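Here, each number is a calculation from the coordinates, and none is a lab measurement. Quick caveat, the model's predicted, so the values are computed rather than measured. All Cβ positions, glycine included, derive from the backbone under ideal geometry; neighbour counts span all protein chains shown.
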Amino acid sequence: MPGSIIGANCNIGQNVVISPDVVLGNNVKVQNNVSLYTGVVCEDDVFLGPSCVFTNVINPRSAIPRKDQYARTVVRRGASIGANATIVCGHEIGQYAFIGAGAVVTREVPPFALVMGNPARQTGWMSRSGHKLRFDQHGLASCPESGERYELSNGRVRLIED
């Protein structure tokens with residue numbers, strides 16, 4: 001729709017709604033039946049699974065226009081949102097976070113976090129390649145696919161850059 005921005009190399013499935021002023025970065029994959037409403041921003045390399053949906057008003061009512069109350073939702077680089085997940089507006093999904101299928105996100109999701117359920121709760125940490133990280137007693141983990149190393153400290157994960 002008008003004012004939306006779609007980056008290079010995006011893949012948009014069937015029956016997708018992209019409302020005015022939505023922003024999709026480069027290489028975003030939007031699977032079938034996804035609804036992206038005004039206020040949604042997806043950075044580069046985001047994956048949106050089939051039938052996931054974003055809201056944009058906290059307290060919608062049919063008889064009360066609230067177009068001036070659309071809340072911004074940002075999905076950071078490399079995050080994945082599973083099939084049939086619902087993202088309640090006004091929250092940030094951290095970079096490389098992984099939202100499980102059917103999850104209902106009602107709060108911020110930290111970078112690299114794995115969240116599942118309704119309401120979504122954090123159950124672990126994910127690598128940039130999408131593998132669950134297993135941290136040792138020193139707070140260190142490696143991705144089994146890429147070999148990248150990660151550190152868990154003070155409840156946050158960071159990629160160890162060599």
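Could you check what % of the DSSP bridge pairs in the chain are antiparallel, to the nearest 5?
Taking every DSSP beta bridge within the chain, about 30 percent pair in antiparallel fashion.
Taking θ as phi - 60°, what are the ³J(HN,Hα) couplings along region 81-97 by the Karplus curve (6.51, -1.76, 1.60), each to the nearest whole Hz, with x for Gly and Pro?
Using θ = phi - 60°, the values come out as 10, x, 4, 6, 6, 10, 10, 6, 5, x, 10, 10, 9, x, 4, 6, 5 Hz.
Give the Rg/Rh ratio for region 59-102, taking Rg as the radius of gyration of the Cα atoms and Rh as the Kirkwood radius, to two decimals.
Rounded to two decimals, Rg/Rh equals 1.09.
Would you mind ranking 81, 18, 160 by Cβ crowding within 10 Å, fewest neighbours first? Kindly include the intermediate steps, with their values, before the conclusion.
Working: 81 28, 18 21, 160 11.
The fewest-first ordering by Cβ neighbours comes to 160, 18, 81.
How large is the translational diffusion coefficient of region 80-124 in µm² per second when you combine the Kirkwood radius over alpha carbon pairs with Stokes-Einstein at 10 °C and 1.306 mPa s?
Stokes-Einstein gives a translational diffusion coefficient of 162 µm²/s.
Between rounded, prolate and oblate, where does region 5-126 land on the alpha carbon gyration tensor, with a ≥ b ≥ c its root eigenvalues, rounded for a/c under 1.5, else prolate if a/b exceeds b/c?
Oblate, because a/c is 1.5 or more while a/b does not exceed b/c.
Residues with beta-carbon under 10 Å from that of residue 162, excluding residue 162: net charge, scoring Lys, Arg +1 and Asp, Glu -1?
Taking every other residue near residue 162 into account, the sum is -1.
Could you work out the local net charge near residue 60, counting Lys and Arg as +1, Asp and Glu as -1, over the other residues with Cβ closer than 12 Å to its Cβ?
Result for the neighbourhood of residue 60: +3.
Whole number please: convex hull volume per residue, Cα atoms of region 115-155, in Å³. Mind showing how you got there, number by number?
Numbers: hull volume 3.0 nm³, N = 41.
Once divided by residue count, the hull of region 115-155 is 74 Å³.
For residue 92, what is the net charge nearby, where nearby means another residue's Cβ is under 13 Å from its Cβ and Lys, Arg count +1, Asp, Glu -1?
+2
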